[in-house]
1. I want the local charge near A:Ala419. Using Cβ-Cβ distances under 13 Å, sum +1 for each Lys or Arg and -1 for each Asp or Glu among the other residues.
2. Taking the Cβ of A:Lys358 as the center, what net charge do the other residues with Cβ under 14 Å away carry, scoring Lys and Arg +1 and Asp and Glu -1?
3. Tell me, which longest segment in chain A has none of the GluC sites (Glu not before Pro) that fall in DSSP loops with at most 12 further Cβ atoms within 10 Å?
4. Given Cβ point charges of +1 (Lys, Arg) and -1 (Asp, Glu) and nothing else, what value in debye, to the nearest 20, does the dipole of the stretch A:181-269 about its Cα centre take?
5. Once you list every other residue whose beta carbon is under 13 Å from the beta carbon of B:Phe30, what net charge do they have if Lys and Arg are +1 and Asp and Glu are -1?
6. Taking a cut-off of 12 Å between Cα atoms, list the aspartates and glutamates near A:Lys295, but don't count ones fewer than 8 places away on the same chain.
7. In whole Hz and in residue order, list the ³J(HN,Hα) couplings for the stretch A:461-475 that follow from phi through the Karplus curve 6.51 cos²θ - 1.76 cosθ + 1.60, θ = phi - 60°; x for Gly and Pro.
8. Between B:Glu179 and B:Ala143, how many nm apart are label points set 7 Å from Cα along the C-beta direction?
Amino acid sequence: MNGRDSVEIISPNNVLANAMLRSVDMVRPRLQAMGPDRVAFCVGTQINGAPHLGTSLVQTAAFLLAKQTKRAFGVDTVVRFGALDNAPYDIRLDPETHHAYQQTYFHALGTDGIEDLVGKYYRAMFDSLADATGVDYEVETYSAQQASPAFRHEFLATLGRLDQIRWPLAPSHGQVHLRFPCPECGWAEKRAERTQLLRAGSGGADFAAVCTDHGSYEVAVTADTPTYLDLATLYRNLVKERLAARDHVTLSVMVKGGDWAFGCQLVDEAFAQLPGLVPPPRIFTPMVLTDTGAKLSKSLIREGKIAPPPGAHPWMLDVTAWEGDADSYVDALVWLVGKMLADPKHFYRSYTTAELDKLMTARPAATTGLRAREMNLYRRYFDLVADGSKTIEVRVQYPNLRRLAAGDHIRFVCGRDDALTRVRRVARYASFEELLDTEGPEKVNPASPRDQQLANIRRIYGPEKEALGVLAIEIELVSPPS
Amino acid sequence: MSLDQLLDPSTPPRRYVITGGPSSGKEGVFAELHAQGIPASEGEFAREIYRKHRDLLGRHLQVGDRRAYSRDVLEAFVAEYCDHAFGLRFYNRGIPDGYGWDAFFGLGPYPELEEASRVYRYDAVFVLDPLDDFDSEDDLVWAREREIRRVHELIIQGYYDAGYRPIFVPADEASRRVEFILAQLPIPTL
């Protein structure tokens, strides 16, 4: 799709990069040890405004890592987007004590408002990333997560060691911020100055807190009480990661911005104070730096504390300023992060805005104007597409395929080979049998009898996948393997 | 004179203020003092007076209501000062706190406050450093959070204006802060 790519990144070696040939090998040790059914690449994002380049880098890296993991290790992958809707929406001071009280985005906007916000800033980008990489994604809000019995059990389990974990979670003074918004108005004391743990047991815990308007109140946290549990950043990550570490079917890989490498030291310390589990694998993505070596901070630039660094474009600070649609932004990001991931030395490092500007400026222009979604194929099927004898591709109806339509392009990929096709028609069926009987098995695979095909397809897609609905995608070859 | 001697209720009165802006951890420090059996203010009566004014007004106090509130708080501080006749006692805020809080609301010092600050002197003032830097992890600083810093700074300034040299207590857990305060007590030698 792109013109000749002669852009070269030069990166020094480092300990991590020196230990592996591919960036994605970072997930391999745990894959080998655990043998999961699938891998979820988890990205958490505060949804308190327009994202900046750093956020997009993390998200794009998650999709590309998922794609590469699927290809390299033959395991099903997904991207799980955690929308942190407990970010403060508003802060006010208690007139009596001047303690800060905060209202979360969730309490201010409600479930529908949060969905709108995710739709406004992220949905188009994620749909486009899913198209570009062939990786499906899920969205989960913090509010939904904290309400789940499993999350609450995990939190309650930490309370027995609160005296130990409070130091890694708040090393300067040992006071962790546990916020329980007032059940009447939803505001909570931000630094929990007057929030107290009254009682804790295996099945629940009682807390007391004080509201500016409604005075003292008590809340009970159990698996099924509606009490909202608003944990500060490190505590939230501890609980979230411990919960993920218990899942032996899906391996969660936390994808985080590079600055989190420092923060995770404290999460690891807290893990060490609790029994049993080890943290899930984490992949830290390149940080975007200013010319001083500091992390690019939209807030500091907006407040005039620092000038925009060399090479910083408005879209780097606010991606909605990108001149083009979501697809063109995603294509640019996929190219950029793809370059980084191509060598561990390029991925496990940071980039200044000047260097990113240089790379993006040298990015090859799209030559065909075609945007093709990628789909991976086993060699035996790829060869049939490549010689034009396979004209129906079978897929289950993942959310990222809901917009697939005639006229779209699909690039089928197998190893280093790819073949570009055009979609002639998309037909939807309830089952694989119905699809094969209606479309004709010879169009799906001219070299294999119907029953054999059915068995092969069902080895790839289990019944829960088939239940999503089945797609017959009629294709025609545009260009044979490159 | 040792701490044990100071704690002897028959010794002359020694008055120590522990103050600081919002979120500096005063609640925890006073709870620790009480737990150790060291004489210290119970609660914070400025807050009780606030609630009394609020209940009378039927709303939170506004700038125009602050002077009357400030005078009532001053009166209570003076009474608390005078009630203490023997031994050591820690005060949850002191008379010069009025300078800082009034300044925060744009009010200048008034004669009764000036007079009380001159007459009723404390033996030392401890200022608790804030337990937070009020920055968020994405460098976002809320305007309201800046007010917390400003209150803290104005309280410190008020004590300097009243002729004190405060002793600053680093952020730490309450028991270690109490340990620090007790170690720093400027006590007279016999």
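Derivation of every value follows stated rules applied to the coordinates shown; laboratory data play no part. The structure presented is a predicted model; accordingly, all values stated were derived computationally and were not measured. With ideal geometry, Cβ positions are generated from the backbone for all residues, glycine too; neighbour counts draw on all protein chains shown.
1. That sum, taken over residues with Cβ under 13 Å, equals -2.
2. Neighbourhood net charge equals -2.
3. Counting at most 12 other Cβ atoms within 10 Å as exposed, the longest clean stretch of chain A is A:9-183.
4. 200 debye
5. +1
6. A:Lys295 reaches A:Asp259, B:Glu137, B:Asp138, B:Asp139.
7. Rounded to whole hertz, the list is 10, x, x, 5, 6, 4, 5, 5, x, 10, 10, 9, 10, 7, 10.
8. 4.3 nm
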